[in-house]
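Okay, so here's the structure we're looking at.
The values are calculated or read from the model by the stated rules, or taken from the named source; none is laboratory data. As the structure is a prediction and not an experimental result, all values here were calculated from the model. Here the Cβ positions follow ideal geometry from the backbone for every residue, glycine too, while neighbour counts run over all protein chains shown. Please note that ligands, DNA and RNA were not included when accessible areas were found on the heavy atoms of the full protein model with its side chains. Shrake-Rupley method; radii C 1.70, N 1.55, O 1.52, S 1.80 Å.
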Amino acid sequence: MKLKISAHGRSCDLALHPVSEKTAKTINEYGQKVYSMKIMNWWRKGKTTTWGMKIDSDCSLRITLDDKPVEFDYGIITKNPVQIRRRIFLDSNAKYLAVLGYDNEICKFSWEWDNVTEFNPENFEFMLHQWDRIMGEDDYFILDDARYNGEFADRNDWCEAQGFTLVEPKVIDLEQVRHEFAERGELAHQGNPFPSPSINPL
């Protein structure tokens, strides 16, 4: 059987980069204008970019077996996610992080697995970023990838993109975040480095 996850909604291409104090000041001073500056040509490069589908009320998800819909509790996707950690930044010497990119490009995503012998929703693993505090929005989930029976999809597709608008650049003062965590005795926390008080299903 062919198992497929289809998602239609808003895709994200966001960068979370350590920056110098000088670059942080430039971003704070010029805002949206920094995207056109030569010094910002790197913002979509490197291994700190996040690309995926935003899981929110505008996202439509469908799971099929041989093109026939199957029952599935979509709340599971955000209820027990495999968190993609950003702890590395808090444990580094970085002082500032820049948040750049977009999170509103309407498009379609799909993941397909061939030769699935049986369907069990518990065999899914969903890799998500949770950026609540980074983006200033509760339950801010980005679906990065998925596995079934421990296997990544045989095929994935991204199509029908319809354009986007860039977010207002942000600067996160990591010293301030570390200080807040230390005051709450959370510096040894090994989960999301910018945790939300709770994670709620859709």
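Tabulated values for the structure
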item: Residue list for region 48-82, filter: under 17 Å from the mean Cα position of the chain (by Cα) and of a type in the set (S, T, N, Q); result: Thr48, Thr49, Thr50, Ser57, Ser60, Thr78, Asn80
item: Residue match in region 158-166 (condition: modelled with pLDDT of 85 or more, open to solvent by 20 Å² or more (accessible area, probe 1.4 Å) and not in a strand (DSSP E or B)); result: yes
item: Residue ID - farthest from Leu174 (Cα to Cα), chosen from residues in region 1-48 that are assigned to a loop (DSSP other than H, G, I, E, B) and at pLDDT 90 or above; result: Met1
item: Pairs, first aromatic (Phe, Trp, Tyr) in region 147-165, second outside any strand (DSSP E or B) and surrounded by 13 or more Cβ atoms within 10 Å (Cβ to Cβ), C-beta under 6 Å, six or more apart; result: Tyr148/Asn123
item: Qualifying residue in region 49-64 (condition: more than 23 Å from Lys95 (Cβ to Cβ), open to solvent by less than 90 Å² (accessible area, probe 1.4 Å), modelled with pLDDT of 90 or more and among the hydroxyl-bearing types (Ser, Thr, Tyr)); result: yes
item: Close pairs (6 angstrom Cβ cut-off, 6 or more residues apart or separate chains): within 11 Å of Ile5 (Cβ to Cβ) and in contact (Cβ under 8 Å) with a residue 12 or more places away in the chain in region 105-131, open to solvent by less than 50 Å² (accessible area, probe 1.4 Å) and in a helix (DSSP H, G or I) anywhere; result: Phe126/Ile77
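Here's the yes/no breakdown for (1) open to solvent by 40 Å² or more (accessible area, probe 1.4 Å); (2) closer than 21 Å to Val70 by Cβ; (3) touching a Lys or Arg at 6+ places or on another chain (Cβ under 9 Å); (4) not in a strand (DSSP E or B):
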{"residue": "Ala98", "(1), (2), (3), (4)": "no, no, yes, no"}
{"residue": "Gly101", "(1), (2), (3), (4)": "no, no, yes, no"}
{"residue": "Glu105", "(1), (2), (3), (4)": "no, no, yes, no"}
{"residue": "Glu112", "(1), (2), (3), (4)": "no, yes, yes, no"}
{"residue": "Phe119", "(1), (2), (3), (4)": "yes, yes, no, yes"}
{"residue": "Glu122", "(1), (2), (3), (4)": "yes, yes, no, yes"}
{"residue": "Asp138", "(1), (2), (3), (4)": "yes, no, no, yes"}
{"residue": "Ala146", "(1), (2), (3), (4)": "no, yes, no, no"}
